[in-house]
Each structure stands twice: as C-alpha cells, then as structure tokens.
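Report on one structure; see the data block that follows.
Throughout, read-outs are computed from the coordinates displayed, never taken from laboratory work. Everything numeric in this text was worked out from a predicted model, so none of it was measured. Here the Cβ positions follow ideal geometry from the backbone for every residue, glycine too, while neighbour counts run over all protein chains shown.
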Amino acid sequence: MSEGVRTPRPHEKLTEDGRRVREVLTYARRGSRFTPKQAAGWNAHHEEWFVEDERVDDPDFSFAEAFGRRAPLIVEIGPGVGEATAALAAARPAYDVLAFEVWRPGVAEALGRVAAAGATNVRFCAVDAVWSMEHLLEPGGVAELWTFFPDPWHKKRHHKRRLVTPEFAALAASRLAPGGVWRLATDWPAYAEQMVEVLDAEPSLSGGVVERWTQRPVTKFERKGIEAGRSITDLAYRRVDGGAVAGS
C-alpha cells in the first residue's frame with residue numbers, strides 16, 4: 001500500500017491546468033442497463049457485498065473492513081458474471097475473495113450467483129484492479145490471484161491494453177505472499193504466448209503452462225472460445241523467494 005497521499009483513481013487524473021488526461025486501461029466500460037434478474041441480485045446484495053468506488057478514497061479504508069474479518073485473501077480480476085467466482089468461493093469459506101469487475105450488470109448478476117451458491121465471503125469492487133492492487137493491497141498480502149479469460153485485445157494496436165505486462169507481473173508478484181499462486185486462463189494462443197514470455201521473465205515467479213485447473217468451472221467465455229475452435233491454455237505461477245523453485 002502506498003504511503004501518504006494516494007494517486008487519484010483512474011478516470012480522475014487531471015493536468016495542472018485542470019484538463020482530463022485519457023489513460024490507457026486494460027478494459028472498456030460497457031453498458032449499465034440491468035436485466036430483471038440482474039436488478040434483483042443488485043437490489044438484494046449490493047449494499048453488503050459491493051464496495052462503492054468512493055469508499056476507497058478514505059485514507060483509512062481497507063478491504064478487511066469490507067469483509068468484516070481478516071482472512072487469507074484471494075483476488076480475482078475480471079470475474080464477468082461470477083460463474084467461476086461463486087463456485088470457487090463457496091468451496092473456500094476460510095478465504096476472502098475480492099473480485100474486481102468494472103461491468104456493473106456483470107457484478108449484479110454475479111451477486112445473485114454468489115448468493116445462490118451460499119458464498120458470503122465475496123466482495124466486488126469496480127475500481128481499476130491495477131490501481132487497487134498498487135494502492136490498496138499490502139505487499140505479500142494476497143494468497144492467490146485469478147485471471148481467467150482477460151480481454152485479449154487481439155488487434156495489434158490494442159496490445160498495450162492487455163493486463164499481463166512486465167509492469168503488472170512485477171506488481172502482482174509483489175502482492176502475492178511467498179508461495180502464493182497466480183492462476184490464469186485464456187483462449188487466445190497469442191496472448192498465452194505473451195503471458196508465458198512475460199511471467200517467465202519475472203524473477204519472483206516460477207511456473208508455466210499447466211493442465212486445466214479442474215476446480216475452475218467452465219464459464220461462458222471458455223465455452224465461447226471452444227465453440228470458435230480456439231484452444232484453452234491454463235497457466236500457474238508461484239511466488240518464490242531466494243531463488244527457490246516451487247512447483248505449480
């Protein structure tokens with residue numbers, strides 16, 4: 001967590017003369033209209049399980065406050081509609097699961113899925129995940145990081161918007177606890193190659209391509225990739241210290 005005054009959240013950055021600066025982000029905000037099902041999930045659970053953006057502006061804010069306890073923390077970036085989140089969190093009641101998702105209808109649907117699964121250990125946040133990991137999470141404070149089917153930004157001119165970069169890999173590794181695991185999955189072979197190249201180059205991580213993580217439910221994103229004829233790549237990297245190599 002950064003000391004002193006925090007850098008403003010994305011979308012609020014201004015120049016000295018007050019002009020807004022357009023920032024390169026790893027996502028694009030989509031529509032905000034709810035279906036009836038999503039509206040029901042939002043109305044029933046957002047007050048308890050959704051962290052409003054403005055809350056993180058409090059210098060004393062911590063996610064432990066949002067969970068109401070201190071427990072080992074799992075971070076998921078881009079849970080979509082929460083298909084994997086609900087099942088995985090329900091199977092891990094001793095952990096807190098912090099899910100970063102900027103698509104509000106997706107959050108609304110995920111809230112309903114989490115409730116249906118009986119998982120009370122999930123909190124959703126729509127603040128930029130990269131910024132939040134840098135400013136709101138302590139070094140060594142994350143037990144696991146999940147990045148399943150991040151936006152591939154497959155057009156070459158958009159590659160700079162991909163999440164898995166050397167800069168983010170270094171940040172993620174610093175937030176993982178020693179022995180903590182970063183699990184990834186993608187249905188875009190070129191992105192999988194980039195992930196391997198970037199993560200292999202991060203000295204604090206050890207791992208690579210692995211067999212499909214059987215505990216991860218098949219989501220609509222995975223099914224879509226399979227139907228399009230794309231192969232699914234799972235990766236797992238572990239935070240290592242002192243040069244020791246850990247299996248994934």
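Each residue of segment 215-226 was assigned a 3J(HN,Hα) from its phi angle through the Karplus expression (A = 6.51, B = -1.76, C = 1.60, θ = phi - 60°), giving 6, 7, x, 6, 9, 5, 5, 5, 4, 4, x, 5 Hz with x at Gly and Pro.
Close amide H partners of Gly180, meaning residues 5 or more places away or on another chain with modelled amide H under 5 Å apart, are Arg239.
Sorted fewest first by neighbouring Cβ atoms within 10 angstrom, Tyr191, Tyr237 come out as Tyr191, Tyr237.
Note on segment 36-239: with charges restricted to the Cβ of Lys and Arg (+1) and Asp and Glu (-1), its dipole about the Cα centre is near 720 debye. Taking Cα centre as origin and charging only the Cβ of basic (Lys, Arg, +1) and acidic (Asp, Glu, -1) residues, the dipole magnitude of segment 160-248 rounds to 400 debye. Using +1 at the Cβ of each Lys and Arg and -1 at the Cβ of each Asp and Glu in segment 36-239, identify which of Trp49, Val127, Leu111 lies farthest towards the dipole's positive end. Positive-most Cα among the choices belongs to Leu111. Pop the C-beta distance of Thr35 and Ala94 into the FRET formula with R0 = 25 Å and round what comes out to the nearest 0.05. In this case the efficiency is close to 0.15. In this label model, Phe61 and Lys160 are separated by 2.8 nm, measuring between points 7 Å along each Cα→Cβ vector. Maximal additional length on extending the Arg223-Glu138 stretch stands at 27.1 nm, based on 0.36 nm per residue less the C-alpha distance. Dipole orientation for segment 36-239: of the candidates Phe149, Gly78, Leu137, Phe149 has the Cα lying most toward the positive pole (charges on Cβ; Lys, Arg +1; Asp, Glu -1). Dimensions of segment 36-239 based on its C-alpha atoms, expressed as ranges along the principal axes with the largest first, amount to 41, 38, 33 Å.
Quick one: if the Förster radius is 30 Å, what FRET efficiency do Asp53 and Glu167 give, using the C-beta to C-beta distance and rounding to 0.05? For R0 = 30 Å, the calculated efficiency reads 0.80.
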